[in-house]
Amino acid sequence: MLRAFLFVGLGGAVGSMARYVVSLVVNKMYSQAFPLATFLINIAGCFLIGLLFGIAQKNNTLQSDSWLILATGFCGGFTTFSAFALENNVLLKDGLSVTSLLYTIASVVIGILLCRLGISLTNI
């Protein structure tokens, strides 16, 4: 159990640092209103976790140390949006399209509303 936590932590630390570096570079090169750095990080994370999942599923290694470091750790530190995208793909693969749609809508709408609520609470 401790080993798994350390692997996830290690991957998460590297993922978080990678996110920071990508943000610095993109924001230095692009200064428009659209949050390009976050968008690029999220879509790159989605691609990476999909690639890792495909490889792990093909090799039957979803519970391996490399999965913990790369998918749970790195992708989780780089962007949690990648886990969200993977979970939706698994729901769709399992034939749960309504659940996937509800999860997506609820996550986006409630996430935005709660973020707004958190911001509003700081202005009281």
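May I ask you to derive the relative contact order of the chain, considering only C-alpha pairs under 8 Å and at least 6 residues apart, and to give it as an integer percent? Please list the in-between numbers first.
Details: 107 pairs, mean separation 41.6, N = 124.
Relative contact order of the chain: 34 percent.
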Self-check item: Sparsely packed chymotrypsin sites (Phe, Trp or Tyr not before Pro) within segment 1-76, loop by DSSP, other Cβ within 10 Å at most 12
Solution: TYR30
Exercise. Mind grabbing the base-10 log of I(q)/I(0) for the chain at q = 0.16, 0.18, 0.22 Å⁻¹? Debye formula, identical points on the C-alpha positions, no solvent, two decimal places.
Key: -0.94, -1.10, -1.24
Practice problem: Read phi for every residue in segment 30-47 and hand back ³J(HN,Hα) as whole Hz from Karplus 6.51 cos²θ - 1.76 cosθ + 1.60, θ = phi - 60°, with x for Gly and Pro. | Solution: 9, 10, 9, 5, 5, x, 4, 4, 5, 4, 5, 4, 5, 6, 5, x, 5, 4
Quiz item: Quick one: Karplus J couplings for segment 12-24, per residue in order, coefficients 6.51, -1.76, 1.60, θ = phi - 60°, nearest Hz, x for Gly and Pro?
Solution: x, 5, 5, x, 5, 5, 5, 4, 4, 5, 4, 4, 4
Quiz item: What full-extension length gain, to one decimal in nm, is calculated for LEU2 and ILE55 as 0.36 nm per residue of separation minus the Cα-Cα distance?
Solution: 16.6 nm
Quiz item: Which of these, ASN89, ASN42, ASN59, has the largest mean-square fluctuation under a Gaussian network model of the chain (Cα springs below 10 Å)?
Solution: ASN59
Quiz item: Hey, what do the phi angles of segment 101-109 turn into as Karplus ³J(HN,Hα) couplings, whole Hz, using 6.51/-1.76/1.60 and θ = phi - 60°, x for Gly and Pro?
Solution: 5, 5, 4, 5, 4, 4, 4, 5, 5
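Laboratory data are not the source of any read-out in this text; all were calculated from the coordinates shown. Computed from a prediction, not measured in an experiment: that's the story for all the values here. A quick note on method: Cβ atoms are made from the backbone with ideal geometry, for glycine too, and the neighbour counts reach across all protein chains shown.
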